[in-house]
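Remarks on the structure that follows.
The values are calculated or read from the model by the stated rules, or taken from the named source; none is laboratory data. Given the structure is predicted, the values throughout are model-derived calculations rather than measurements. Protein only, heavy atoms only, side chains kept; ligands, DNA and RNA dropped before computing areas. Shrake-Rupley method; radii C 1.70, N 1.55, O 1.52, S 1.80 Å.
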Amino acid sequence: MMKSPGRLVVESLGEREIRITRVFDAPRRLVFEAHTKPELLKRWLGVRGGWELAVCEIELRAGGVYRYVWRKVAKGIDMGMGGMFREIDEPSRIVCTERFDDPWYPGECLNTTEFVERGGETTLTLTLLYESAAARDGVLQSGMERGLGESYDVLAELLKVPA
């Protein structure tokens, strides 16, 4: 399965994985920072349709933890998730776990994000490994590529302006 909303490419791999790629017109150092600095994440990650990233805490080191809580103020809804960093290789790679407070898919996900720069552009590759094929398939059917694609569009605009 391959879908391409905008410049986002979403592919299923094997039985339990999803690979997402997106090219940004920015150096990888900036794209990496946009994924690891709370003040930048709060400007692009999931902030659409009345949602804000109200809590963004990051302990950026192997064994460190992170916590995100999105809030839809008008509806009084919170959606939280977090995990642990397994590997940080700045500015080229982040490996971490992901688990939602109110799980909308079963189990934990292992996220591997790689940043490769060529000619001033950065290709981001995010590989998601789920505990089961059913979890992976549920995520694929959720429309997550639309939401992630919109977030990455906001990030692309943010990267045009010095942070």
When the expected Rg is taken as 2.2 N^0.38 Å, what fraction or multiple of it is the alpha-carbon Rg of the range 1-143?
1.04
So who's got an amide H within less than 5 Å of the one on Glu131, skipping anything under 5 residues away but keeping other chains? H placed 1.01 Å off N, in plane.
Glu108
Whenever you get a sec, line up Val55, Val69 from highest to lowest accessible area (probe 1.4 Å, protein heavy atoms).
Val55, Val69
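Calculate for the chain the 222 nm mean residue ellipticity that helices alone would give, adding -39,500 (n - 2.57) per DSSP H run of length 4 or more and normalising by residue count, nearest 500 deg cm²/dmol.
Numbers: 4 runs with 42 residues, N = 163.
About -7500 deg cm²/dmol.
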Semi-axes of the equivalent ellipsoid for the range 94-163, Cα gyration tensor, largest first, Å:
27, 14, 11
Roll a 1.4 Å probe over the protein heavy atoms and report the accessible area of Tyr66 in Å², nearest 10.
20 Å²
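Write down the accessible area per residue of the range 1-148 in Å², having rolled a 1.4 Å probe over the full set of protein chains.
Normalised by residue count, the accessible surface of the range 1-148 is 52 Å².
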